[in-house]
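Quick notes on the structure that follows.
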Amino acid sequence: MPDVNRGNRPLSPFMLGQYYRFQMTSLSSIMVRITGIVSLGTAVLVVLWLLTAAASDEAFAVMDGLLRSVFGDIILLLATWAIWYHVFGRLRHVIWDFGWCLDVQTSEMMGLLMFIGATVMTILTAIAV
Amino acid sequence: MRYLTDRKRAEGLGSAGQGTHHHWQMMVGSIGLVLLMPFFIFVFGMALGGTREEVIAFFSRPFPAVLTALTLFVAISHFKREAQEAVEDYVHGTTGKLLHMAVGALAWTTIAAGLFALVRLAL
């Protein structure tokens with residue numbers, strides 16, 4: 001009885017878009033994963049910038065020039081949105097983990113607030129720095 | 001078939017084989033980063049835009065240096081767990097194992113390089 005159908009079960013079925021319509025809960029959740037992976041890339045960029053600053057004037061000029069170009073501005077703006085979104089997304093996970101706000105309506109509201117909050121904080125960051 | 005009851009086989013381990021350790025790490029990391037990250041975003045924003053001399057002087061100060069070191073370590077270990085979890089979900093078999101290791105290697109290298117750079121800048 002314990003070894004029925006072992007190894008032949010569907011693993012983490014990815015059904016969004018195909019069989020399942022997008023909802024605020026699923027959309028806001030998948031965005032947490034995407035922004036988390038994007039932020040690993042942002043961390044690599046930040047560390048490269050620090051490394052070149054520690055290394056030499058020539059190396060720093062290349063990396064600093066890249067991050068401060070128009071292209072760099074766009075990348076950093078998107079990266080900032082991603083990290084703010086992810087902060088709010090993880091905050092939602094912490095709130096859920098405490099057993100609070102688990103009903104669908106509140107979860108959907110928090111999802112909407114994550115998109116709004118990330119956008120507002122990105123604009124504030126762009127103005128402040 | 002092993003002579004174990006279902007309960008005995010599952011107790012304390014869960015499907016990942018390591019119980020709730022990963023989940024607990026994610027929770028601790030999340031709470032830490034919710035507090036650290038807003039500071040880091042503005043500190044990094046202040047550092048970016050200066051000349052190399054200004055950047056070196058900036059990271060020679062204790063607050064930016066310690067905050068950046070702490071955030072890099074906690075954040076990259078957190079993103080590592082997150083990216084590896086995505087690998088576990090979508091990539092299986094040997095490819096999955098190798099990709100899992102590659103993500104870990106990238107994350108640890110980034111942490112080590114970041115801390116090295118900060119020490120060079122601060123000292």
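Bear in mind these aren't lab numbers, they're just calculated from the coordinates by the rules spelled out. Remember, predicted model here, so these are calculated numbers, not experimental data. Cβ placement follows ideal geometry from the backbone for every residue including glycine, while neighbour counts extend to all protein chains displayed.
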Label point distance in nm, B:Ala102-A:Asp57, each placed 7 Å from Cα along Cα→Cβ: 3.9 nm
The rounded separation in angstrom of the Cα centers of the range A:97-129 and the range B:8-82 is 20 Å
Distance-filtered residues of the range A:101-129 - backbone nitrogen under 20 Å, label point 7 angstrom along A:Leu77 Cα→Cβ: A:115-129
Compute a Gaussian network model of chain A, connecting alpha carbons closer than 10 Å, and tell me which residue from A:Leu77, A:Leu51, A:Leu27 fluctuates the most. A:Leu51
Over chain A, what is the mean sequence separation of C-alpha contacts under 8 Å (at least six apart), divided by residue count, expressed as relative contact order in percent? 31 percent
Along the positive direction of the dipole of the range A:24-128 (beta-carbon charges: Lys, Arg +1; Asp, Glu -1; about the Cα centre), which of A:Ser107, A:Phe88, A:Ala43 reaches farthest? A:Ser107
Per the helix-only model, the protein assembly as shown has a calculated mean residue ellipticity at 222 nm (DSSP H runs of ≥4, -39500 (n - 2.57) each, divided over all residues, rounded to the nearest 500) of -27000 deg cm²/dmol
Please state, rounded to one decimal and in Å, the Kirkwood hydrodynamic radius that the protein assembly as shown gives when every pair of distinct Cα atoms enters the mean of 1/r. 20.3 Å
Using θ = phi - 60° and the Karplus curve 6.51 cos²θ - 1.76 cosθ + 1.60, what whole-Hz ³J(HN,Hα) does each residue of the range B:29-35 get, with Gly and Pro shown as x? x, 4, 5, x, 6, 4, 7
For chain A, which longest stretch is free of loop sites, where a loop site is one of the trypsin sites (Lys or Arg not before Pro) that DSSP puts outside H, G, I, E and B and that has at most 12 other Cβ atoms within 10 Å? A:22-129
Kirkwood Rh, Cα atoms: Rg over Rh of chain B: 1.14
How far apart, in nm, are two points set 7 Å out from the Cα along the Cα-to-Cβ line at B:Leu13 and at B:Ala86? 2.9 nm
Based on the Cβ-Cβ distance of A:Val94 and B:Phe116, what FRET efficiency does E = 1/(1 + (r/R0)^6) give at R0 = 22 Å, to the nearest 0.05? 0.10
Would you mind computing, in nm to one decimal, how far apart the modelled labels at A:Ile116 and B:Phe73 are, each placed 7 Å from Cα along Cα→Cβ? 3.8 nm
About its Cα centre, what dipole magnitude does the range B:32-122 give when the only charges are +1 on Lys and Arg Cβ and -1 on Asp and Glu Cβ, stated in debye to the nearest 20? 240 debye
